[in-house]
1. Run the accessible area of the stretch 65-134 with a 1.4 Å probe and give the carbon-and-sulfur part as a rounded percent.
2. Largest first, how would SER132, SER252, SER232 line up by accessible area (1.4 Å probe)?
3. Can you run phi through the Karplus equation (6.51, -1.76, 1.60; θ = phi - 60°) for the stretch 153-159 and list ³J(HN,Hα) in whole Hz, with x for Gly and Pro?
4. Which residues' amide hydrogens lie under 5 Å from the amide hydrogen of VAL118, considering only partners 5 or more residues apart or on another chain, with H built in the peptide plane?
5. Cβ neighbours within 10 Å, averaged per peptide: list 92-104, 72-84 in order, most packed at the top.
6. Can you classify the stretch 140-279 as rounded, prolate or oblate using the Cα gyration tensor, where a ≥ b ≥ c are the square roots of its eigenvalues, rounded means a/c under 1.5, and otherwise it's prolate if a/b beats b/c and oblate if not?
Amino acid sequence: MSTLAHTMMTAARSTDSGLVGPGELDRYPYAESPAADRVGVPAWDGADPELGRVGRRSAGNRGRGLHGQLVQQLGQMIVSGDLGADRPLVPEEIGQRFEVSRTVVRESLRVLEAKGLVSARPNVGTRVRPVSDWNLLDPDIIEWRAFGPQRDDQRRELSELRWTIEPLAARLAAGHGREDVQQRLSDMVEIMSHSMGQGDALTFSRADAEFHTLLIQIAGNRMLEHLSGIVSAALQVSGGPVTGCDRPNDASLAQHARIVDALGTGDAAAAEAAMRQLLTVHPEVERVVPAPREH
């Protein structure tokens, strides 16, 4: 199986159901060996001090309540390396540290298992899995890596992934685009232009994210469509001048407009070329992903 096919299949895995299915609670038992038998010291020093008591934070991380907040905190600690495979993650310790119920802990561990970050086995406990098992296309993991020690690798990998899928999506969209969606793309360019004139970077980025998501969705390839959330996450966490979409500027706006024009005329080659130009507005990208040679 090719690497791209594997990543696409990985992206299709469930990332955050937030629900505990029948029999799932027993997978994270609270029975714990005596303190003298424990190996190592709980690595909770890296925890966000504001999350010492999860329940005191604003209700809902992305609308997921206490369980979502705990997932966020534990996920960040695992990705940053504060929690490793050297000792089990003991649900009882987690519940005491963050002052949350058993159900919240178990639900959170179940979500982290779905993301490939941890595994729960009888007589072994819940342990952090190696990076090779993580669902690296999960938007949450993308965010956690982008703001952790792996931020440079994450930005580079996201840039390379976008370079791989977005020019193809632009080419395919030229042959499958619907008028209503193309009008929506034009609207996004107009919003980006207006917000850039107003110095409104937040509105610009939101319109930009919708533009790229729509473009992939009209490409007519459902496997590519499934990756649209990855591109959206990449735009939200890029955190630096990696591509022309990172901050408002005339060059990136012009390339967005050229893509819309190419879609309107059905010019697949022009749409693909404009997207490649958009992704190489900044010279830094060319050192990471060289532009293809003309034939």
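The values are calculated or read from the model by the stated rules, or taken from the named source; none is laboratory data. Predicted, not measured: the structure shown is a model, and the values here were computed from it. Neighbour counts are summed over all protein chains in view; Cβ atoms, including those assigned to glycine, are modelled from backbone coordinates with ideal geometry. To get the accessible areas, we keep the full protein, side chains included, count just its heavy atoms, and leave off ligands, DNA and RNA. Shrake-Rupley method; radii C 1.70, N 1.55, O 1.52, S 1.80 Å.
1. Of all accessible area on the stretch 65-134, carbon and sulfur atoms account for 45 percent.
2. Result of the area sort, largest leading: SER132, SER232, SER252.
3. Running phi through 6.51 cos²θ - 1.76 cosθ + 1.60 with θ = phi - 60° gives 4, 5, 4, 5, 5, 5, 4 Hz.
4. GLU113, ARG129
5. Most protected by this proxy first, the peptides run 72-84, 92-104.
6. Oblate, since a/c reaches 1.5 and b/c is not below a/b.
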